[in-house]
Amino acid sequence: MSQYEVTWAGFGGQGVMVAGQLLAYTGIAEGKQIVWIPSYGPEMRGGTAYCTVVVSDRRIGSPIIRFPQAAVVFNRPSFDKFTPTIKPGGLLVVNSSLIDVTTERDDLTEILVPANQMAMEAGSPKVVNIAMLGAFIGACEIVSLDNVKKTLEDKLGKKKDLLGINMKILQAGYDLAKNTIAGRATSES
């Protein structure tokens with residue numbers, strides 16, 4: 001990896017910004033160059049919210065990214081808006097609990113994550129974003145899962161009840177992406 005760009009997008013209140021920040025904080029902890037740029041719609045909760053995170057081994061020339069390598073989308077409007085912007089050969093992580101379509105692009109790796117269902121099964125509807133973060137890390141490995149766990153612990157350490165659920169759902173998302181990719185590799189060989 002020399003530079004990796006990802007757009008996180010959904011409704012305000014889904015934890016899109018927090019997921020992007022956790023990725024950014026983890027990259028900083030790993031000694032990488034990071035840019036995190038938030039963008040909010042006119043309303044915070046319920047409006048459109050997205051952020052771009054750039055993770056690089058070298059200095060970042062421009063923080064503005066029009067065509068990222070990946071998009072992590074939490075809702076249908078975000079899917080429709082950001083899927084066309086992903087570079088060929090890129091990654092699309094989809095909250096399949098709220099998005100009932102898949103991409104028609106055959107030049108992307110698409111990971112379907114039933115994040116809302118996973119969050120409810122884990123015990124909190126508030127951890128959808130962490131399921132998506134886990135799946136993203138599992139699919140691209142731009143930062144290590146162990147370091148994401150350390151970042152979560154740093155940010156949630158005082159809230160022990162939330163930390164356990166977050167760790168569980170992070171691992172579940174990660175495992176889902178790894179199994180999806182392994183399953184595709186097996187079926188293609």
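Each reported figure results from applying straightforward, stated rules to the coordinates on display, with no laboratory input. It should be emphasised that the depicted structure is a prediction, and the values quoted were computed from it without experimental measurement. Please note: Cβ atoms are built from the backbone with ideal geometry, for glycine as well, and neighbour counts cover all protein chains shown.
Considering the options Ile37, Ala185, Phe82, tell which one lies farthest towards the positive end of the dipole of the stretch 3-188, charges being +1 on Lys and Arg and -1 on Asp and Glu at the Cβ, about the Cα centre.
Checking the options against the dipole of the stretch 3-188, the answer is Ile37.
Under 5 Å between amide H atoms, partner at least 5 residues away or on a different chain: which partners does Thr48 have, H built in plane at 1.01 Å?
It is Gly12, Gly41, Glu43, by chain and number.
Please tell me which of these pairs span more than 25 angstrom C-alpha to C-alpha: Lys32/Lys87; Lys81/Lys160; Lys87/Lys178; Lys126/Lys160?
Values: Lys32/Lys87 22 Å; Lys81/Lys160 37 Å; Lys87/Lys178 21 Å; Lys126/Lys160 15 Å.
As for pairs spanning more than 25 Å Cα to Cα, those are Lys81/Lys160.
Kindly rank 153-164, 6-17, 25-36, 113-124 from highest to lowest mean number of other beta carbons found within 10 Å of each residue.
On the way: 153-164: 12.5, 6-17: 23.5, 25-36: 17.7, 113-124: 19.4.
In descending order of packing, they fall as 6-17, 113-124, 25-36, 153-164.
List residues of the stretch 1-18, by number, whose backbone nitrogen lies under 15 Å from a label position 7 Å along Cα→C-beta of Ser39.
The answer is 5-12, 17.
Please label the shape of the stretch 79-153 as rounded, prolate or oblate, based on the square roots a ≥ b ≥ c of the eigenvalues of the alpha-carbon gyration tensor (a/c under 1.5 means rounded; beyond that, a/b larger than b/c means prolate, else oblate).
Numbers: a/c = 2.75, a/b = 1.32, b/c = 2.09.
Oblate, because a/c is 1.5 or more while a/b does not exceed b/c.
Please list the non-local residues whose amide H lies under 5 Å from the amide H of Gly90, H modeled 1.01 Å from N, same-chain partners needing a gap of 5 or more.
Sorted by chain and number, the residues that satisfy this are Thr109.
With only alpha-carbon pairs counted, each pair once and no self-pairs, how large is the Kirkwood hydrodynamic radius of the stretch 3-188 in angstroms? Display every interim value, and only then the final one.
On the way: mean 1/r = 0.0615 Å⁻¹.
Roughly 16.3 Å, rounded to one decimal.
Compute the signed sum of charges (Lys and Arg +1, Asp and Glu -1) over the other residues within less than 10 Å, Cβ to Cβ, of Gln69. Don't skip to the answer; put the middle values down first.
Numbers: positive: Lys87; negative: Glu5.
After counting each charged neighbour, the total is 0.
Could you compute the net charge surrounding Gly157? Neighbours are other residues with a C-beta less than 14 Å from the C-beta of Gly157; K and R count +1, D and E count -1. Working shown, then result.
Numbers: positive: Lys149, Lys150, Lys155, Lys158, Lys159, Lys160; negative: Glu153, Asp154, Asp161.
Summing Lys and Arg as +1 and Asp and Glu as -1 gives +3.
Have a look at the DSSP beta bridges in the chain and tell me what percent are antiparallel, nearest 5. All intermediate terms of the calculation are to be shown ahead of the outcome.
Numbers: 17 of 30 bridges.
Here the share of antiparallel DSSP bridges comes out near 55 percent.
Between Asp57 and Arg105, what is the label-to-label distance in nm when each label sits 7 Å out along the Cα-to-Cβ direction?
Placing both labels 7 Å along Cα→Cβ, they lie 2.5 nm apart.
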